[in-house]
2 protein chains.
Amino acid sequence: MPAVSDCTNMLDSETKAVETPEDHAEELRLWLRLLTCTTLIEGEVRGRLRQRFDVTLPRFDLMAQLDKAPDGMTLSDVSKRMMVSNGNVTGLVERLVESGHLDRRTSETDRRVQVIRLTKLGRAEFRRMAAEHETWIADLFADLTPKDVRELMRLLAKTKGSAQKSAARRRP
Amino acid sequence: MPAVSDCTNMLDSETKAVETPEDHAEELRLWLRLLTCTTLIEGEVRGRLRQRFDVTLPRFDLMAQLDKAPDGMTLSDVSKRMMVSNGNVTGLVERLVESGHLDRRTSETDRRVQVIRLTKLGRAEFRRMAAEHETWIADLFADLTPKDVRELMRLLAKTKGSAQKSAARRRP
DNA sequence: CCGAATTGTTTTAAGCCTAAAATGTTTTCC
DNA sequence: GGAAAACATTTTAGGCTTAAAACAATTCGG
């Protein structure tokens, strides 16, 4: 094919994009690697929590949210923070109330709202688990230098922003 | 306290580590951010797969593994690659065989082993989904420059190695 | 003030996931 | 050859998770 024709095609970037779809293999590999890292670490933490404290990761995560909120949280708050569905939280809270780790009461001012808090037992157990949990995380990331950590934090913040924008584009 | 005493204490790094536990807040925040990113993207992909193709993410992931293995894989292979339990794969495969996407047969040479493959239908559907999936991922990571992507790949590779070493230390 | 939209939670139905025990098969090694 | 170890898969029991529908309470607008 003559050079002139090639040149014409190259200038029509609109058409070119349609005809030769872009290659996103790098982003795909990045996503898979991100997923692998998370799955690996999550599985490790899950196993250690079960072995050492006979507790599940979701229960631990929920208690972690409540530990940061001494005045309690509503179920919706928890659901948003943990990025899980409402119904999921309902069941999780049910079991933790049952085991005496959580206290649930209906709000005085808005009878739709359930406010949950850690009980004394719940807080004590969480603190004990959290201290050990922190050392596990440190160990899992042990090979990273402080600079690596900072750089990862920065890039993941950028990734989070990018993903949030993309999600918002689809669901405005 | 006199300077001399301070100096003595500082030199005894063994003792110091025990008396003042190290601060791993940065690693903890890094882990939470990593988890947030993954959860965010995973949720987005899950939702799009359901809306566009009425398929679940685990099914898609399983088909993705098989697409890379034209000669099929054993259930154990799949289980290791996907980093999920054996029993999980059994159920997943059951449903995909039922829906006509997978073909399962007992190995001729080893009657313990089940070999699974994509059917023609399964492969066609997967390819269709995968093409679109790739554009979603590209969009979710759109704000990252090629340099960002390379740097993240490098740091996540290091993270993966670190976590694997840590896991191996616990379970040799 | 009252109907309609909104908000917070629970329920439902289905599927995903795990750890551990059970089952069936092959290999190892005396 | 045969017991024992190793391996691949399935089963079991329990918990997690989601989307969507249902329910309950509050707020908003006319």
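Assorted remarks:
- Using the average count of surrounding beta-carbon atoms within 10 Å as a protection proxy, the listed peptides A:131-138, A:145-152 rank, highest first, as A:131-138, A:145-152.
- The mean sequence distance of close C-alpha pairs (under 8 Å, at least 6 residues apart), as a share of the length of chain A, puts its relative contact order at 16 percent.
- Rough spin-label spacing in nm, given labels placed 7 Å along Cα→Cβ, for residue A:88 and residue B:69: 2.8
- Extension gain from residue A:22 to residue A:39, taking 0.36 nm per residue of separation minus the Cα-Cα distance: 3.2 nm
- Restricting the calculation to Cα atoms, chain B shows an Rg/Rh of 1.17 when the hydrodynamic-style radius is the Kirkwood one.
- Each stretch of four or more DSSP H residues adds -39500 (n - 2.57); spread over every residue of chain B, this sum gives -23500 deg cm²/dmol at 222 nm.
- Solvent-accessible area buried by pairing B with A, both sides, nearest 100 square angstrom, 1.4 angstrom probe: 6000
- Position residue B:91, label points 7 Å along Cα→Cβ, spacing to each other copy in nm (shortest first, one decimal): 1.0
- Residue-averaged beta-carbon neighbours from other chains (10 angstrom radius) around B:42-54: 2
- Listed by chain and number, the aspartates and glutamates whose alpha-carbon sits under 12 Å from that of residue B:165, ignoring those within fewer than 8 places in the same chain, are A:44, A:139, A:143.
- Gaussian network model of chain A, springs between alpha carbon atoms under 10 Å - residue of A:162, A:99, A:85 with greatest fluctuation: A:162
- Loop-located trypsin sites (Lys or Arg not before Pro) across the range B:49-105 with a Cβ neighbour count of 13 or fewer within 10 Å are B:68, with loop assigned by DSSP.
- Charge dipole of the protein assembly as shown about the Cα centre (unit charges at C-beta), most positive-ward option of B:168, B:57, B:28: B:57
- Spatial separation of Cα centroids for the range B:115-172 and the range A:48-86, in angstrom: 28
- The alpha-carbon of residue A:120 sits under 17 angstrom from the alpha-carbons of these lysines, leaving out residues fewer than 8 places away in its chain: A:68.
The values are calculated or read from the model by the stated rules, or taken from the named source; none is laboratory data. Here the structure is a predicted model, which is why all the values come from computation and not from measurement. In this analysis, Cβ positions are derived from the backbone assuming ideal geometry, glycine residues included, and neighbour counts consider all displayed protein chains. Ligands, DNA and RNA are excluded from the accessible area calculation, which covers all protein heavy atoms including side chains. Shrake-Rupley method; radii C 1.70, N 1.55, O 1.52, S 1.80 Å.
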